[in-house]
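Visitor: Quick one: the structure is below, questions incoming.
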Amino acid sequence: MHRLHVKIFLWFWLGILIVSGTLVLLTELSHSRADDDRAWSEKYAPRLDMWARQESQILRREGPAALERYVGSFEMDPGVTNYIFDAEGHEVLGRKPAPPVLKLLASMGDWPPGRPKIDPNERMIAERVVDSRGDTHIVVVDWPGPSVLNRSLFEFLSPDFYAERPSRSASGRILAVLVVAGLFCFLLARHIARPIDRLRTAARNIANQQLQTRVDESVLERQDELADLGRDFDRMAERIEYLVTAQRHLLADVSHALRSPLARLNVALGLARQRTDQPSEHLDRIETEAERLNKLIGQLLTMARVDSGVDLERPTRFDLGSVVEEVSTDAEYEARTRQCAVQFNQRGECVVQGAREMLRGAVENVVRNAVRHTNERTSVEVSLDRQPAASGSRAIITVRDHGPGVPEETVDTLFVPFNRVMTDGRSNPERTGLGLAITRRTFEVHGGSATAANAPDGGFVVTLEMPVLEGSTA
Amino acid sequence: MPSMPAGSADLRVLVVDDDVELCQLLSEYLGGEGYAVEAVHTGRGGVERALEGDHAIVVLDVMLPDLKGFEVLRRVRAESRRPILMLTARGDEQDRILGLEMGADDYLAKPFNPRELSARIDAVLRRSRPEASIDRRAGVRLVVDDVSLDKGARVARRGQDALDLTTVEFDLLDQLLRGAGRVIPRDELVRSVLRREFSPFDRSIDTHVSNLRRKLGPAADGTERIKGVRGIGYQYALHDRSSSNTR
């Protein structure tokens, strides 16, 4: 269950409990005040005289034990207490009356016998009775329950208040309300929270470049604003997909279209060279630039290909270690011309699934970059580790050079296409600004990522990671 | 649109590319290098001319309007071992591997430097003409375990079965068998088989090795005949030393 679901559920449930609780309370209170107060005085006052006489008679004839039995039967009404005091003010049955009872008893000083004294606030009736032998008793009946006016609000919240008048039917009712309200609130909360959750999933998928994602049918079938929101979301997703695809296609189409003239340009340049025997600085320059254009178009097409995902339609499984090692070995040749070396370390086997050549190119971009930027007579360290993670092991490739690194503020933009890092105040024309972007996209479409950072002790570290195919070896 | 044959028949080049202007420029350029170029602009025409013509080499673009370059390659390879150089799309590593796997002798990413094209054509041609190859021991037979190689007839056999090898694969097998048991560095293989300078990050030789491996199949004991030695090169593994000899 998600937070929104829990929140809505709890709030509604609490709301229903408070409303129903208040209703019950108000009914109780109005009932006590209006009806109960009248009921008890009407019920007991006229008869108290007779009861008091009987009690005094039983006590005299049969003793306290018989009286206790009688009083017990009398008190069958829940919560009603019947005290009998002798002339000295002692409770005949030895019970300890509450202070309000004693207060009423004390006020009976010169009250004439045979007439009930009613204390409506405390809901008690007292009467003095003098029997044939002249013994005086005072009988007090304490009617249970609140006299609202004298009770503070907080008393309602104490468990004693309810314990005082236990009612099996009442607690059953409360339980029923709890369950029914709970069930209702749970369903209501789910009804509201679930489509929101679905929308959120869809939004997240789109953010993760799964642009074909649309809102779940169950959201669209609803007859409310959430369904409208779902439809609007779909329209937005469609638009985003269209724009992103169009942009990628445009890039790919432009690159394709540029290829033919560039191929002709290259041959024409070759012809121009063929016709003249003199070395020409300008032709050299044209050739260099044409070569740069070749390379740029190659990379643009690679980027388009990675984005299209065609190479992942038929993925193969292979040992990532062999790919990284091949690249490291090849890079070693390039590094030697600068008196540098490439060291490769593998810790743990990493069989992965994907497009081998695409990943090779991606790793190659990073390693060659490192070879180009590491200082002379230093080495580039390439390592492959297998790291256990919650969702299966990950293959981690780190490529570290011992070069100047990059300005800290540009680290994050290195992977953005065409974002070129300025070194010594100018950008390097040999860099197309696409290599690392291709690398990142490649690892992303393989379920991984590419990150970079300056090493604390100098140099630059690029970390590539992707999932390892579990339960298989090369 | 056949161009005038400028040199001998074995210097005739068939270019299959739908870019008419590029073909004209290439005719002119390669003409200057001593080749006679015939250009065909469709895949079907390419298959036809490659099979009936007497060109020394076919330069085949992968992007053709009617048949895909690979289909042209497949149809030509089904009937002929005529050397084929593929022009693959830049940024498409898969094309390169597919081309070499399907029997192309070499590839070049397009757009290319025409000097590079000329050098590649040159290398493929030198390789495919046994009499012009650096190895002059015509008729020499190499036998290692159950694999034999007749250099005069350019036939390789495993047991009694003739192997269907491309020129590159034949030369590669030749090099590996001659150095059987020894690890031959990759750069050496590139120079002697592909006849070009070794350049790092060019995995052509490895693709050829894996194609050759596939065609040879495993040795009698089930192990790989050609072993890769990480970071160095390849070795043709000797299984039964007593039976290996050179006649």
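Visitor: Evaluate the following for residue A:409: is it facing chain B (nearest Cβ under 10 Å) and either of a type in the set (Asp, Glu) or buried (at least 18 other Cβ atoms within 10 Å of the Cβ) (or both)?
Guide: The answer is no for residue A:409.
Visitor: Which residue is nearest to the other protein chains (Cβ to nearest Cβ), if the candidates are limited to region B:20-37 and must be surrounded by fewer than 23 Cβ atoms within 10 Å (Cβ to Cβ) and not in a helix (DSSP H, G or I)?
Guide: Among residues in region B:20-37 that are surrounded by fewer than 23 Cβ atoms within 10 Å (Cβ to Cβ) and not in a helix (DSSP H, G or I), the one nearest to the other protein chains (Cβ to nearest Cβ) is B:33.
Visitor: If you don't mind, there's one more thing I want to ask. How about region B:69-99: which of its residues are assigned to a loop (DSSP other than H, G, I, E, B) and within 14 Å of chain A (Cβ to nearest Cβ)?
Guide: B:90, B:91, B:92
Visitor: Could you list, in sequence order, all residues of region B:100-124 that are touching a residue at least 40 places away in the same chain (Cβ under 8 Å), over 21 Å from residue B:80 (Cα atoms) and not in a helix (DSSP H, G or I)?
Guide: The one that is touching a residue at least 40 places away in the same chain (Cβ under 8 Å), over 21 Å from residue B:80 (Cα atoms) and not in a helix (DSSP H, G or I): B:110.
Visitor: Here is a follow-up. So which of A:325, A:289 ends up being assigned by TED's automatic domain parsing to the domain that holds residue A:380 and within 56 Å of the chain's Cα centre (by Cα)?
Guide: The unique qualifying residue is A:325.
Visitor: Right, here's the next one. Being in contact with a Leu (Cβ under 8 Å, 6 or more places away or on another chain) and crowded, with 16+ Cβ neighbours inside 10 Å is the filter; apply it to region B:206-226 and report the residue that is farthest from residue B:157 (Cα to Cα).
Guide: It comes out as B:207.
Visitor: Kindly indicate whether any position in region A:253-274 is assigned to a helix (DSSP H, G or I) and away from chain B (no Cβ under 14 Å).
Guide: Checked against the condition, which is being assigned to a helix (DSSP H, G or I) and away from chain B (no Cβ under 14 Å), region A:253-274 yields no hits at all.
Visitor: Can I ask one more? Given the condition surrounded by fewer than 16 Cβ atoms within 10 Å (Cβ to Cβ), free of Cβ contacts under 8 Å to residues at least 40 places away in the same chain, within 14 Å of another protein chain (Cβ to nearest Cβ) and part of a helix (DSSP H, G or I), answer yes or no: does some residue in region A:231-243 qualify?
Guide: There is no residue in region A:231-243 that is surrounded by fewer than 16 Cβ atoms within 10 Å (Cβ to Cβ), free of Cβ contacts under 8 Å to residues at least 40 places away in the same chain, within 14 Å of another protein chain (Cβ to nearest Cβ) and part of a helix (DSSP H, G or I).
Visitor: Same structure, new question: Taking region A:417-474 as the search range and keeping residues that are more than 19 Å from residue A:398 (Cα to Cα) and of a type in the set (Lys, Arg), which one is modelled with the lowest pLDDT?
Guide: A:426
Visitor: Considering only region B:212-240, how many residues are within 21 Å of the chain's Cα centre (by Cα), in contact (Cβ under 8 Å) with a residue 24 or more places away in the chain and within 15 Å of residue B:189 (Cα to Cα)?
Guide: So the count comes out to 6.
Visitor: In addition: Scan region A:357-380 for residues that are within 14 Å of chain B (Cβ to nearest Cβ) and among the β-branched types (Val, Ile, Thr) and jot them down.
Guide: A:363, A:366, A:367, A:371, A:380
Visitor: Something else about it: If only one of A:285, A:305, A:336 is at pLDDT below 90 and either more than 8 Å from chain B (Cβ to nearest Cβ) or farther than 22 Å from residue A:438 by Cβ (or both), which one is it?
Guide: The conditions single out A:336.
Visitor: While we're looking at this one, here's another question. Which residues, counting only those in region A:34-55, are of a type in the set (A, V, I, L, M, F, W, C), at pLDDT 70 or above and within 18 Å of residue A:71 (Cβ to Cβ)?
Guide: Result: A:48, A:50, A:51, A:52.
Visitor: In region B:183-205, which residue that is surrounded by 18 or more Cβ atoms within 10 Å (Cβ to Cβ) and within 12 Å of chain A (Cβ to nearest Cβ) is farthest from residue B:127 (Cα to Cα)?
Guide: Per the criteria, the residue is B:200.
Visitor: Oh, and also: Find all pairs meeting these conditions: Cβ atoms under 8 angstrom apart; at least six residues apart or on different chains; first residue within region B:40-53 and closer than 14 Å to residue B:65 by Cβ and assigned by TED's automatic domain parsing to the domain that holds residue B:79; second residue in a helix (DSSP H, G or I) and of a type in the set (Gly, Ala, Ser).
Guide: Between residues of region B:40-53 that are closer than 14 Å to residue B:65 by Cβ and assigned by TED's automatic domain parsing to the domain that holds residue B:79 and residues that are in a helix (DSSP H, G or I) and of a type in the set (Gly, Ala, Ser), the close pairs are B:40/B:46; B:43/B:69.
Visitor: Looking at region A:289-297, is at least one residue at the interface with chain B (Cβ under 8 Å from one of its Cβ atoms), within 18 Å of residue A:363 (Cα to Cα), assigned to a helix (DSSP H, G or I) and touching a helix residue (DSSP H, G or I) at 6+ places or on another chain (Cβ under 6 Å)?
Guide: no
Visitor: Right, something else. Sort out which residues of region A:333-353 are farther than 17 Å from residue B:203 by Cβ and either part of a helix (DSSP H, G or I) or small (Gly, Ala, Ser) (or both), and write them in order of number.
Guide: A:335, A:336, A:341, A:348, listed by residue number.
Visitor: Filter region A:308-320 down to the residues that are more than 9 Å from every other protein chain (Cβ to nearest Cβ) and assigned to a helix (DSSP H, G or I), then identify the one that is surrounded by the most Cβ atoms within 10 Å (Cβ to Cβ).
Guide: A:320
Visitor: Separate question: Which ones in region B:100-120 are within 13 Å of chain A (Cβ to nearest Cβ) and under 15 Å from residue B:168 (Cα atoms)?
Guide: Matches in region B:100-120: B:100, B:101.
Every residue, every condition in (1) of a type in the set (A, V, I, L, M, F, W, C); (2) at pLDDT below 85; (3) assigned to a loop (DSSP other than H, G, I, E, B), yes or no:
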residue: B:138; (1), (2), (3): yes, yes, yes
residue: B:142; (1), (2), (3): yes, yes, no
residue: B:156; (1), (2), (3): yes, no, no
residue: B:162; (1), (2), (3): yes, no, no
residue: B:165; (1), (2), (3): yes, no, yes
residue: B:168; (1), (2), (3): yes, no, no
residue: B:175; (1), (2), (3): no, no, no
residue: B:181; (1), (2), (3): no, no, yes
residue: B:184; (1), (2), (3): yes, no, no
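Visitor: Of the residues A:354, A:348, only one is surrounded by fewer than 21 Cβ atoms within 10 Å (Cβ to Cβ), in contact (Cβ under 8 Å) with a residue 12 or more places away in the chain and away from chain B (no Cβ under 11 Å); which?
Guide: None of the other options fit; the residue is A:348.
Visitor: Just one of A:399, A:366, A:323, A:327 is at pLDDT 90 or above and part of a strand (DSSP E or B); which is it?
Guide: On inspection, the qualifying residue turns out to be A:399.
The values are calculated or read from the model by the stated rules, or taken from the named source; none is laboratory data. Since the structure is predicted, the reported quantities are computational estimates derived from the model, not experimental observations. Here the Cβ is made from the backbone with ideal geometry for all residues, glycine too, and neighbour counts use every protein chain on show.
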